[in-house]
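Coordinate-derived values only; no laboratory data. All values derive from a computational prediction rather than experimental measurement. Positions of Cβ are generated from backbone atoms using ideal geometry, with glycine treated the same way; all protein chains shown enter the neighbour counts.
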Amino acid sequence: MTKILIIEDEIPARKKLKRFVKELDSPTEIIAELEMVRTAIDFLKQHQPDLIFSDIELLDGNSFEIYSQIPVSCPIIFTTAYDQYWMHAFEENGIDYLLKPFSKKRFQKAWNKFLWYRNNSQDVNHQLQILTEIIHKNFENKNFKKYLTIHKNNSVYFLETREIIIFKVDEGVVFAYDEKGGKHLLTETTLTEIEKQLNPVNFFRINRGELIQKNYIEKIERYNKNSLTIKLKGYNNYVKTSQSQTALFREWLDK
Amino acid sequence: MSESKISQLKTQLNPHFLFNNLNVLDQLIEEDKNTASDFLNEFAEIYRYVLQSTDKELISIEREIDFAQQYFKLIQYKYGNAYQLQIKNKNSMGYIVPMTLQLLLENAVQHNLGTEEDPITIQIKIEENIAIFNNTSLKQIRKPTSGRALNNLNEQYRLLSKKPIQIHQMENEFSVEVPIIYQQNV
């Protein structure tokens, strides 16, 4: 059953579309007939049709305003008397553009296009969806720390993560070195704990004991066949990538 | 008075009007052949009027009123009772720039959102002037309009009668007053 939404403000045009839809061979259900930009936006917030027939010039505005406010994932067949919008229509999810008045034959052609689109793109769509989810999980939903809280004596202060050149483990305690030359003792006891809280685009664990920030890299030199030496701005010691991290480090630099 | 200037200013019927109405006709043919035939004849008359009026500077108020009523019928085929028209005619002597009322009706529909529950009523009153007014329900999302059509019309009246069009925009009402022209030189 194909769920169809009709967005059309003229009564006869709506009736004609419904008639053509009913005469199709496939099972269809018209889930709503809407005539305004405003009601279409409200409707699409809650419902997911399989196909939209959409007029362009509506009583309260232009239907492209709907699609700019609500991302629609299903295909749209535009129906309009205006021929100047077709470019814009295909920038949206438009798969066809029916110029009024249109014949049954022309309508059938648009419908066939929809069927082809549906049968051929489901796999691709599904994969895209999975990919999008992964990206969201990894980047958008994660709140990386902008500040670390540092406890010193009996007080607490904030340290901005973007000012940190390097985190370093020293005899079981973790220190952060900032660009002003400050050295801060952290409450976290492992680098792994800290790494999880920071954006992996900016920070990288070059070896078991050192986690550095990309912005402060001043110079990279070859140390031997399998590792690199790095000079960091505002930090006097050279640091070195471990053999196992070198290849990943190179990849990270390009991100 | 430069005739070429006036012909330049003449408003043209929106070209998509034709295609939209052919689409209406297509549906009416399916529903009821008599209605379809009526619609077709009305539409032909409207088109003939539009074509004829492009050669004319002025037309009698009576003819323009007939035309406005026919034009409005087409709107009602499309939108049902969401828009309504009332005409109060006390003086049908005199002349008017052809397509004046059509333009003002089109404007009223374009700018105001009428629904079956909350219709827009457009009234035309003919006294010393022709006044067209309607209750307003401005569309939330408004198309950027240049107001060129109205300015064009105003310019034609200025050239023909030295009297400008008056436009009043109030909170709940919009009105336009158009002068009646008596000296006939058509």
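The angle between the Cα long axis of helix B:148-161 and the main principal axis of chain B comes to about 40°, on a 0 to 90 degree scale. Packing, taken as the mean count of other beta carbons within 10 Å per residue, orders the peptides A:81-92, A:20-31 from highest to lowest as A:81-92, A:20-31.
Placing pseudo-labels 7 Å out from each Cα toward the beta carbon at A:S155 and A:L248 gives an inter-label distance of 3.8 nm. For a 22 Å ceiling on Cα separation, which of these pairs sit above it: A:K145/A:K240; B:K125/B:K163; A:K45/A:K113; A:K104/B:K73; A:K45/A:K145; B:K56/B:K163? Beyond 22 Å between Cα atoms: A:K145/A:K240; A:K45/A:K113; A:K104/B:K73; A:K45/A:K145.
Pairs of alpha carbons in the range A:2-140 separated by more than 19 Å make up 51% of all such pairs. Taking GluC sites (Glu not before Pro) across the range A:136-211, the ones in a DSSP loop with at most 10 further Cβ atoms lying within 10 angstrom of their Cβ are A:E171.
Result for chain B in a Gaussian network model with C-alpha springs under 10 Å: among B:Q156, B:Q110, B:Q52, the largest mean-square fluctuation is at B:Q52. For a straight C-alpha distance cut-off of 15 angstrom, the aspartates and glutamates reachable from A:K16 (same-chain residues fewer than eight places away being disregarded) are A:E8, A:E33, A:E35, A:D55, B:D26, B:E30, B:E31, B:D32. Electrostatic tally near B:E177: other residues with Cβ closer than 12 Å to its Cβ, Lys and Arg +1, Asp and Glu -1, net 0. Within 10 Å of the Cβ of each residue in A:61-69, the mean number of Cβ atoms contributed by other protein chains is 1.
All other residues with a Cβ under 12 Å from the Cβ of A:V169 taken together, and with Lys, Arg as +1 and Asp, Glu as -1, what is their net charge?
Details: positive: A:K168, A:R205, A:R208; negative: A:D170, A:E171, A:E188, A:E193, A:E195, A:E210.
Within the 12 Å Cβ shell, the charges total -3.
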